[in-house]
1. Do we find that L163 is out of contact with any Asp or Glu (no Cβ under 8 Å at 6 or more places or on another chain), more than 20 Å from G79 (Cα to Cα) and part of a helix (DSSP H, G or I) in this structure?
2. Mind telling me which of the residues G293, G341 ends up being more than 29 Å from G53 (Cα to Cα) and not β-branched (V, I, T)?
3. For the list (1) farther than 21 Å from V337 by Cβ; (2) under 16 Å from the mean Cα position of the chain (by Cα), I need the number of the one condition that Y54 fails.
4. Check off (1) open to solvent by 20 Å² or more (accessible area, probe 1.4 Å); (2) more than 23 Å from V371 (Cβ to Cβ); (3) without any contact (Cβ under 8 Å) to a residue 60 or more places away in the chain; (4) of a type outside the set (S, T, Y) for A275 and give me the number that stays unchecked.
5. If A234 meets every condition in (1) at pLDDT 80 or above; (2) under 19 Å from W359 (Cβ atoms); (3) open to solvent by 30 Å² or more (accessible area, probe 1.4 Å); (4) not polar (S, T, N, Q) apart from one, which number is that one?
6. With F97, F136 as the choices, which residue is buried (at least 21 other Cβ atoms within 10 Å of the Cβ) and at pLDDT 95 or above?
7. Can you tell me which of L370, L366, L378 is open to solvent by less than 50 Å² (accessible area, probe 1.4 Å), touching a residue at least 60 places away in the same chain (Cβ under 8 Å) and of a type in the set (A, V, I, L, M)?
8. Return the residues of region 252-270 that are part of a helix (DSSP H, G or I), open to solvent by 10 Å² or more (accessible area, probe 1.4 Å) and closer than 20 Å to H133 by Cα; say none if nothing qualifies.
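The values are calculated or read from the model by the stated rules, or taken from the named source; none is laboratory data. Here the structure is a predicted model, which means the values were calculated and not measured. Positions of Cβ are backbone-derived with ideal geometry, glycine not excepted, and every protein chain shown enters the neighbour counts. When the accessible area is computed, the model is the full protein with side chains, heavy atoms only, and any ligands, DNA or RNA have been set aside. Shrake-Rupley method; radii C 1.70, N 1.55, O 1.52, S 1.80 Å.
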Amino acid sequence: MSVVRGPVLLSYVAFVLVGVSAGVAGVLLPTQIADYGVDMATIGITFFTFSAGYLLAGSTSGTLVQRYGTRLALLAGAGSFVLSALVLGVRPSFLVFVAVQVVAGYGTGLLEAVLNAYLAGLPSATTLLNRLHAFFGVGALVGPLLATWMLTFAPWNAVWLVLAGLFAPLTVAFGLTYPKEAAASQEEGARSGLLGTALRSPAVVLACAFLAVYVGLETAVGNWGFTFLVDEHAQAAEVAGPMVSGYWLGLTAGRFLISPVAARLGWTTAAMAYACLAGIAASVALIWAAPAGLVAGAGLALLGFFLGPVFPTAMAVVPNLTEARLVPTAIGVMNGVSVVGGAVFPWLAGAVAEGVGVWTLMPFSLTLALVQLAIWRLLMARTR
């Protein structure tokens, strides 16, 4: 473990910074809307361009790792992010602002996919991956504070210059810390057909579906939980806001705490995941039946706690689902497809709430919780 301690610690730093970049985005949106003179629907185009780059990263990360190694793939990801941050930092035209989100999404997606794949191949992968994603949560909590503070004395684009300055030394550190690996030959890369082979694997397809449902559930509750507390439980905004923060804090705490406790109890990765999935369903049911807003708020924190380990644990079992050469590609595809679930299911939850009422968020979430439990059972039946 001492040989890889440096790369592991650097991966944690990278995920903190990725979390910071995700956290600042929402805070900067109102200022960007005012600066460019556009409406919310127009600025929303950036969500799609970012997602396009993220999906592209997921579909190409496996090939990059096989042909050029982990170090060069990480340099490409971090370098892409630095480039996009520098472009945003000079306050480009709106057309460039929208287009460069593809580069930002590609860099972010590549960093996440490659680091997930790297840690998945190490001993104690489940614990390492849970910590990795917990540090993303730390960054996501810090990001809004950083952006809010900087907007008191600087324009929005200055925040992106700071991010470029943070990611630049990270890029250099990747080159100095990660070992140079032997790349696969062109013939092997051509023969392997990594992406197509991975997508023909039923286990990989199930894993993609599982993460799409998981991210859809996590994001739907995160996006609409505030509205649910205000409209259904008559909570004041200043009370509902901290309750939703408790949801995200629970998510981060679950990633730090559950895996080590499960390891001490001698639970397998599959058993830990089943316990978390059961806890998710029970927490949603508690929120749905809650007689008071404070109980619903506590249920949100509990829901976040049990949701926390699910994504990294799904990444950790990939080496047991497919052959070693396909692991980076499978993880990349899973990472990319999860973004689709994170867009489709929250949109669907909002559309149902608009037509029927926001009370539907909990039965909708419970349905997703039960679906992901069913998919997990099918997935575990295919582990090697």
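1. Taking the combined requirement at face value, the residue does not satisfy it.
2. G293
3. Evaluating Y54 over (1) farther than 21 Å from V337 by Cβ; (2) under 16 Å from the mean Cα position of the chain (by Cα) leaves (1) as the failure.
4. (2)
5. Result: A234 passes all but (1).
6. One residue alone meets the criteria, F97.
7. Numbers: L370 fails: open to solvent by less than 50 Å² (accessible area, probe 1.4 Å); L378 fails: open to solvent by less than 50 Å² (accessible area, probe 1.4 Å).
Going through L370, L366, L378 in turn, just one is open to solvent by less than 50 Å² (accessible area, probe 1.4 Å), touching a residue at least 60 places away in the same chain (Cβ under 8 Å) and of a type in the set (A, V, I, L, M): L366.
8. T252, A253, R255, F256, L257, I258, P260, V261, A263, T269, A270
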